[in-house]
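Below you'll find the structure, written out as structure tokens, and then a few comments.
The values are calculated or read from the model by the stated rules, or taken from the named source; none is laboratory data. It should be emphasised that the depicted structure is a prediction, and the values quoted were computed from it without experimental measurement. Note: ideal-geometry Cβ built from the backbone for every residue, glycine included; neighbour counts use all protein chains shown. Surface accessibility is based on the protein's heavy atoms, side chains included, excluding ligands, DNA and RNA. Shrake-Rupley method; radii C 1.70, N 1.55, O 1.52, S 1.80 Å.
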Amino acid sequence: MTAKKRLPPRVGAVRPSQLMYAFGVGSTVDLPNFSVVVAGLDAWDERNQDIVSEPRLLDAVRAELGAQVRELRSAPWLEETRNAFDDWAWTGVPVVPFPRWLRCPRCQMLAPIDSGLFQLKQHPYRPDLTKYVHGSCGRGKPPAAVPARFIVACPRGHLDEFPWIEFC
């Protein structure tokens, strides 16, 4: 028996048409509790992608981008079942949190995600409830951290984090 590679679980959802137009590679997607950037095609899992057989479209893409385009593929997708632990729940487009700076609304702590101050709380049955929390913030239930939605971009559209440390 071979071990199955487990990818990170879903943290949200977009429709395939949204991936084609508004939320393609490199775009920011604002989820209910944080925001992400869609990762590049080299990070996508090809196992659940169908090859799109449209010769005229492929010729048009090659005319625009060059002969390095080997084939056209659909976004990874599997039919949803009632079980949140089936393969469909582990199939999707890879994303990375962006911006990576979070703020605690209770204590106003501002820190990067990888600082160890925030924990990702996942909900297997409701990906829209996935959030980062500030676990060491006072008493009671840890508050949900919110993204510090200040970013910088160059004239060519490249995104980067706001330079919080340099700014302060």
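General observations
- The calculated FRET efficiency for Cys154 paired with Ser53, based on their beta-carbon distance and R0 = 41 Å, is about 0.60.
- Ordered by solvent-accessible area of protein heavy atoms (1.4 Å probe), largest first, the residues Arg149, Arg139 come out as Arg139, Arg149.
- For the stretch 39-81, a/c is not less than 1.5, where a ≥ b ≥ c are the root eigenvalues of the C-alpha gyration tensor, and a/b does not top b/c. That puts it in the oblate class.
- Heavy atoms of Phe98: accessible area, 1.4 Å probe, square angstrom to 10: 20 Å²
- Inter-label distance for Glu46 and Trp77, nm, one decimal - labels placed 7 Å from Cα along Cα-to-Cβ: 2.1 nm
- Overall form of the stretch 10-168 per C-alpha gyration tensor (a/c, 1.5; a/b vs b/c): oblate
- Atom-type composition of the exposed protein surface of the chain places 57 percent of the accessible area on carbon and sulfur (1.4 angstrom probe).
- Global geometry of the stretch 96-168, whether rounded, prolate or oblate, following the gyration tensor of its Cα atoms and the 1.5 cut on a/c: oblate
- GNM top mover of Gly40, Gly12, Gly66 - the chain, alpha-carbon springs below 10 Å: Gly66
- Label-point separation in nm, Arg15 to Ala60, each point 7 Å along Cα→Cβ: 2.1 nm
- For the stretch 141-156 and the stretch 39-110, distance of Cα centres in Å: 22 Å
- Unit charges on C-beta of K, R, D, E only; dipole of the chain, Debye: 780 debye
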